[in-house]
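The values are calculated or read from the model by the stated rules, or taken from the named source; none is laboratory data. Predicted model, so just to flag it, every value in this text is computed and none were measured. Methodologically, a virtual Cβ is constructed for each residue, glycine included, from the backbone with ideal geometry; neighbour enumeration extends over all protein chains shown.
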Amino acid sequence: MIGLAYCDRAGRIYYDEGLEPLADGGIVRPALRDELIPAPPGSVEMILPGRRALTTHGALRGKYALAAMLPAGYTRLLVPAYEKEANAPTLPLFGYTFACVIDDELYVAAMKTDESEDWQPRYFADGELEALLERRTSADPGNRVLAQVALCSREYGCFTAQNVFLERGEAALPVSPKCNARCVGCISEQEPETGLASPQTRIAFETTADELARIGIHHLERVEDGIVSFGQGCEGEPLLRSIVIASAIEKIRAARANGTINLNTNGSMTRGLERCIDAGLQAVRVSLNSFRPHAYAAYYRPIGYALDDVLASIRLAVKRGLRVSLNLLTHPGVTDDAEEIAAMTAFLREVPVTMIQTRTLNIDPEWYFDAVGRPREPLGMRTAIAAIRGARVAVGNFTHTH
């Protein structure tokens, strides 16, 4: 039996296998057994304050919904169902996944979609990370970009930032303090009226091509099949600084021929992307939450561009022979709506991208549904992922070098 995992007002966690919890997949319903897996290592239990656990017997007074945050490499299939109390606060910007108990073990609504050693959490001995940061930053003390990724490594545990210092995999090159979108769930710059603190501090300066190139060259000197990536969670939109990026790419390639140069972007500026491609960009990862204009605009709230510009950038990158991934911000009840799946598969059959990388959209589920709307016909996240694969596009979570 699928049982209830919940917490009390003090945050203590309990299991009650005599009650069946309800989940939210755009409509509130019981979870199916094949949507559930044992909570993988690295899962984090999350308390939902002011949200009474919802079961087949109704909402429970004094018992609050429990969620889980998944480790990298897993895709969320459902969110928790609950009944809000009048004073319930907006939830912070985390990924809330349905959690329950089966045979006294925590289960989550998720499926494994990728695996990469370079994205496994690295557990540092006391002082080990600080020593790595000190050794690397002292070798290039004037590099403000290096100081920024050191901050992200230490304060936020960012894997791509830590990879700069671990000298492995995909390394971060943040570049832009400004953005041309006002995403509802932006992790680096929330508007004051939301009352939410941004989980990360956005880079506050305009980086130089030389600062970026020094990090990129150092990384590729030490990681033969490494990746250096412009566009990170601690910044705005990198294509606003495409001239600097293009110059940095040229500097990196003048020194190193190995590895991959990647750009993470919202794809809003096709001419800027073309400038980077001409300079030697090899891979691009374009972020979007939807292939439907109204759902895209409701979340991204774009300034001076629209979804059509994003799709034009994807077409350009594919035409120019880049490795093209789509960073799909997934949410049960939106990603798996019948209309969304139809729009998505129509585009993927027309434009053969290399991979869709699923990303759990970190946001209060109710806030997101209020912004983009609930589905008319949710088909389930497994159906959405199967549809991507049916369009002959790989599904994963990481950029792979092979």
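Condition check for N180 on (1) closer than 19 Å to Q148 by Cα; (2) modelled with pLDDT of 75 or more; (3) of a type in the set (S, T, N, Q): one failure, at (1). Cβ contacts < 9 Å: first residue over 15 Å from S43 (Cα atoms) and outside the structural domain of P40 (by TED's automatic domain parsing), restricted to the stretch 111-136; second residue among the hydrophobic types (A, V, I, L, M, F, W, C) and at pLDDT below 70, any location; separation 6+ or different chain. Result? Within 9 Å, the pairs are E130/F124; L132/F124.
Cβ separations smaller than 8 Å between residues 6+ apart or across chains give no pair from the stretch 72-92 residues that are outside the structural domain of P41 (by TED's automatic domain parsing) to residues that are assigned to a loop (DSSP other than H, G, I, E, B). Considering only residues in the stretch 200-217 that are more than 16 Å from N262 (Cα to Cα) and free of Cβ contacts under 8 Å to residues at least 40 places away in the same chain, the one that is surrounded by the fewest Cβ atoms within 10 Å (Cβ to Cβ) turns out to be A204.
Listed by position, the strands (runs of 3 or more DSSP E) inside the stretch 1-92 whose residues that are over 27 Å from A394 (Cβ atoms) and under 25 Å from the mean Cα position of the chain (by Cα) number at least 1 are 22-24, 28-30, 44-55, 58-69, 82-84.
Restricting A209, A204 to residues that are of a type in the set (A, V, I, L, M), closer than 23 Å to I243 by Cβ and at pLDDT 95 or above narrows the list to A209. The set of residues from the stretch 53-88 being closer than 14 Å to Y6 by Cβ, touching a Leu at 6+ places or on another chain (Cβ under 9 Å) and of a type in the set (G, A, S) comprises A53, A65, A67, A68, A81. Checking each residue of the stretch 235-249 against the condition of being touching a Cys at 6+ places or on another chain (Cβ under 6 Å), assigned to a helix (DSSP H, G or I), polar (S, T, N, Q) and modelled with pLDDT of 95 or more gives at least one match. Pairing residues of the stretch 221-246 that are of a type in the set (S, T, N, Q) with residues that are in a loop (DSSP other than H, G, I, E, B), at Cβ distances under 8 Å and at least 6 apart in sequence or on separate chains, gives S229/T399; Q232/C158; Q232/P174; S242/M269. Could you list, in sequence order, all residues of the stretch 335-381 that are touching a helix residue (DSSP H, G or I) at 6+ places or on another chain (Cβ under 8 Å), aromatic (F, W, Y) and under 26 Å from L91 (Cα atoms)? Within the stretch 335-381, just Y368 meets the criteria.
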